[in-house]
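Here's the structure we're looking at; comments come further down.
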Amino acid sequence: MKAKHSAAAEMCLDRELLCTMQSPSDLKHKVAEIFELLRDPVYRYFVVALGNRSEAEDLTQEVFLRLCVSLHKGQVIGNVRAWVFKVAHNLALKKRTNESRFEPFDANAWESFCERKQDPVPDAENRLLEQEQQERLQSALARLSPQERECLELRGEGLGYREIAEVFGMRTPTLVSFVGRVIHRIVREIYD
């Protein structure tokens with residue numbers, strides 16, 4: 001229910017931004033509203049994309065500073081949410097490129113986490129089947145390109161296909177087909 005309210009509030013902000021950016025106080029108020037609505041999803045996106053909470057906090061602030069500067073310069077932003085995530089996406093790409101660090105998945109940490117969450121006395125056959133399925137999932141995810149991984153992360157953050165297409169500069173039907181192929185490939189690798 002909250003997601004619907006949040007999306008509706010974001011659409012109202014998009015319309016209001018186009019009409020009410022007359023004074024600096026209006027600008028600060030609107031950016032503060034946008035910050036409150038989108039701060040957590042942007043932060044989560046950075047945490048997943050970069051794996052570092054401190055960097056995620058810094059880059060989240062950078063996104064909203066850039067929004068404020070762009071609006072102050074008079075840039076018209078039709079879809080605020082897509083614009084914010086496009087900036088976040090570009091900052092994450094730049095950060096990863098500069099540091100050239102995309103750490104491999106730690107299977108032992110995942111296994112340890114899963115063991116804590118499982119029934120304390122699962123039978124050996126179920127444990128083996130779950131372990132095989134997890135290994136196939138992790139193997140499939142490891143073979144994803146950075147673009148494929150980020151599309152799935154943005155979708156997981158609740159962005160629609162149209163918004164993700166804007167982030168990547170694609171047409172929406174192209175993106176829908178792209179994500180569909182990625183998901184189909186992962187499912188096939190897990191269950192075949």
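The values are calculated or read from the model by the stated rules, or taken from the named source; none is laboratory data. The shown structure was predicted, so the numbers you read here are calculated from the model rather than taken from an experiment. Note that we place each Cβ from the backbone using ideal geometry, even for glycine, and neighbour counts take in every protein chain shown.
Things to note:
- Residue list for the stretch 141-158, filter: outside any helix (DSSP H, G or I) and either over 8 Å from the mean Cα position of the chain (by Cα) or surrounded by fewer than 15 Cβ atoms within 10 Å (Cβ to Cβ) (or both): R143, L144, S145, G158
- With respect to the conditions (1) in contact with a Leu (Cβ under 7 Å, 6 or more places away or on another chain); (2) modelled with pLDDT of 85 or more, R143 lacks only one, and its number is (1).
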